[in-house]
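Presented below is the structure to which this report refers.
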Amino acid sequence: MTTDYRRLRVALLGAGAVGSQVASLLRQHADELADRAGARLELVGIAVRDLDAPRETEFPRELLTTDAEQLILGADIVIELMGGIDPAREYLLQAIGAGADVVTANKALLATHGPEIFDAADRVGAQVYYEAAAAGAIPIIRPLRDSLAGDRVVRIMGIVNGTTNYILDRMDTEGAEFADVLSDAQALGYAEADPTADVEGYDAAQKAAILASLAFHTAVPLDAVHREGITRIDKAMMDAARRAGQVIKLLAICERLPEPADGAASGESISVRVYPALVSREHPLATVHGANNAVFVQAEAAGDLMFYGAGAGGVQTASAVLGDVVSAARRHIAGGVGVGESTRANLPVVPIGRVITSYQITLEVDDEPGVLATVAGILSEGRVSIATLEQTVVADAAAGGTARIVIGTHTAREQDLSDTVDRLAASGVVERVVSVLRVEGD
């Protein structure tokens, strides 16, 4: 017997890799989704830029339209999967203004204009759903927003970009060079022809801003997120990490600091940052291989939690999108206003100079007596204590003698470390500062 469900009109903006999968699954599993949602989800149209563009999945011609605005006005739920800032921002605001709930996977839009989008939804009692915006198929938004709402999240460390994890993982496990693995990632479709957003950390920074905003109930602007990419990571750095029992991962780190921000008499602050870091091979994040993502959450009461799975992919991301669509449908059936985002904590976001962690410093130095003593003295003057020291390479000894040394430090403040590295570079005994990597997760 077929249940006579209420009909909800669903508009889809974008028919790319994720949008095509969402449209197919909406139609293919219509009866099952109706049973779960308590409403029949009718896909009334798909807004595209070009009606005749080739697509992975064929749809009835009558579903396709280039008139996104008209499609939005006739919908109860609007799914935005077109990406980019404009016109996606205008379309979402239009949908909210028309009384629709919206579902989006647009991390760039939320990281840049999230407060504007959420405020617009609050004013009319609509709801914004965005489970797919931070880690693909991994359910992390609801746990942070709902399940951990009664707890205090202390720290988040996440591998939230599959492309960079694939590259670093192969460099670690195969001894491959960055450029070679990047080329393979592009051939496999893991990386775009222009990989800048991934390899320079922009994608991960957008996700970090979203996760930090949720975890710490604070609006975190994208320009407050410190960002570094992986383009300087080479085989020698990977080899040094391996000898130390570590692996290099691009991490998004969102951390509650017990110290007040500069100029404040009291209170907490937060740090949000993205950079390649050394992680112990015993840490759960070290076992995240290939293009997978993982988010490691530390909370005061719940303790350590880890969410692992596919961070990208059309059908995988579509799973998170459809979960949001079902939630939106249930809210329509139940009635009432949407639940707004909690940003009332309003904690200050401090610059990276306030962060305390340990480091691995790799230097090329003159291979002469007294050099190590000079280096150790500069570190001591800068309040940076040596934990380990290893001479890893002696290059071109016949031409003058240059040694490569790898120094592991105890914990130090980022600003102290940065100032000390500048003094090392200008010391006259250091030929080159090869790299400075933070050590996280100890």
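For the pair Leu93 and Gln415, the difference between a 0.36 nm per residue extended length and the Cα-Cα distance amounts to 111.8 nm. Across region 144-155, computed HN-Hα scalar couplings (Karplus, 6.51 cos²θ - 1.76 cosθ + 1.60, θ = phi - 60°) run 6, 6, 10, 5, 9, 5, x, 10, 10, 6, 9, 7 Hz from first to last residue, x flagging Gly and Pro. At full extension, Arg6 and Asp67 could sit 19.4 nm farther apart than now, given 0.36 nm per residue minus the alpha carbon distance. Entry note, region 345-441: relative contact order of 44 percent, from Cα contacts under 8 Å with a spacing of 6+ residues. What shape does region 1-148 take by its C-alpha gyration tensor, where a ≥ b ≥ c are the square roots of the eigenvalues and a/c under 1.5 counts as rounded, a/b above b/c as prolate, and the rest as oblate? Rounded is the answer for region 1-148, as its axis ratio a/c remains below 1.5. With all protein chains in place and a 1.4 Å probe, the accessible surface of the chain carries 48 percent carbon and sulfur. Once the chain from Asp180 to Arg281 is taken as fully extended at 0.36 nm per residue, the excess over their C-alpha distance is 33.9 nm. Using the Stokes-Einstein relation with a Kirkwood hydrodynamic radius computed over Cα pairs, the translational diffusion coefficient of region 1-85 at 37 °C and a viscosity of 0.692 mPa s comes to 247 µm²/s. Between the helical axis of 17-28 and the longest alpha-carbon principal axis of the chain there is an angle of about 40 degrees.
Assign unit charges at the C-beta atoms only (+1 for Lys and Arg, -1 for Asp and Glu), then state the dipole size of the chain relative to its Cα centre in Debye, rounded to the nearest 20.
For the chain, the charge dipole is close to 1080 debye.
Short to long, the 5 Å bins of the Cα pair-distance histogram for region 275-408 hold 2, 6, 9, 10, 11, 13, 12, 9, 7, 6, 5, 4, 3, 2, 1, 0 percent of all pairs. Which option, (1) 1.08; (2) 1.04; (3) 0.96, is the value of Rg/Rh (Cα atoms, Kirkwood Rh) that was calculated from these coordinates? The calculated read-out lines up with (2). Under the shape rule built on the C-alpha gyration tensor, where the axes satisfy a ≥ b ≥ c, region 62-196 is oblate, since a/c reaches at least 1.5 while a/b does not exceed b/c. Answer rounded, prolate or oblate for region 125-229, using the Cα gyration tensor with square roots of eigenvalues a ≥ b ≥ c: rounded when a/c is under 1.5, else prolate when a/b is larger than b/c, else oblate. Prolate shape, in that a/c is at least 1.5 and a/b is the bigger ratio. Look at the dipole of region 53-178 built from charges on Cβ: of Phe59, Ala88, Ala111, the Cα furthest out on the positive end belongs to Ala111.
For region 163-290, what value does the Rg/Rh ratio take when both radii are computed over Cα atoms and Rh is the Kirkwood radius, given to two decimals?
The Rg/Rh ratio comes out at 1.03.
For region 355-370, backbone phi angles converted through the Karplus equation (6.51, -1.76, 1.60; θ = phi - 60°) give residue-by-residue couplings of 6, 10, 7, 9, 9, 10, 10, 10, 10, 9, 10, 5, 8, 9, x, x Hz, Gly and Pro being listed as x.
Its relative contact order, with pairs defined as Cα atoms under 8 Å and 6+ residues apart, puts region 253-403 at 17 percent.
Averaged per residue, region 324-442 has 48 square angstrom of accessible surface, using a 1.4 angstrom probe with ligands and nucleic acids left out.
Looking at region 36-118, the accessible area is 43 square angstrom per residue; that uses a 1.4 Å probe and ignores ligands, DNA and RNA.
The lysines within cross-link reach of Lys107, meaning a Cα-to-Cα straight distance under 16 Å and a gap of 8 or more places when in the same chain, are Lys207. Placing +1 on the Cβ of every Lys and Arg and -1 on the Cβ of every Asp and Glu, with no other charges, gives region 298-384 a dipole of roughly 860 debye about its Cα centre. Taken one residue at a time, the phi angles of region 80-85 give Karplus couplings (6.51, -1.76, 1.60, θ = phi - 60°) of 9, 10, 8, x, x, 8 Hz. Gly and Pro are set to x. Take every Cα pair under 8 Å whose residues are at least 6 apart in sequence, average their separation, divide by the length of the chain, and the relative contact order is 16 percent. Between the amide H of Tyr359 and those of Thr409, Val439, distances stay under 5 Å, these residues lying 5 or more places away or on another chain, with hydrogens modeled in the peptide plane.
The angle between the Cα long axis of helix 371-381 and the longest principal axis of the Cα atoms of the chain comes to about 60 degrees, rounded to the nearest 10. Scanning residues 5 or more positions from Ile79 or on other chains, those with amide H under 5 Å from its amide H are Ala11, Leu12, Leu13, Val103, with H placed 1.01 Å from N in the peptide plane. Taking the longest Cα principal axis of the chain as reference, the axis of helix 178-188 is set at about 20 degrees.
The values are calculated or read from the model by the stated rules, or taken from the named source; none is laboratory data. The structure presented is a predicted model; accordingly, all values stated were derived computationally and were not measured. FYI the Cβ positions are ideal-geometry reconstructions off the backbone, even for glycines, and counts take in every protein chain you see. Heads up: the accessible areas ignore ligands, DNA and RNA and are worked out on the full protein's heavy atoms, side chains in. Shrake-Rupley method; radii C 1.70, N 1.55, O 1.52, S 1.80 Å.
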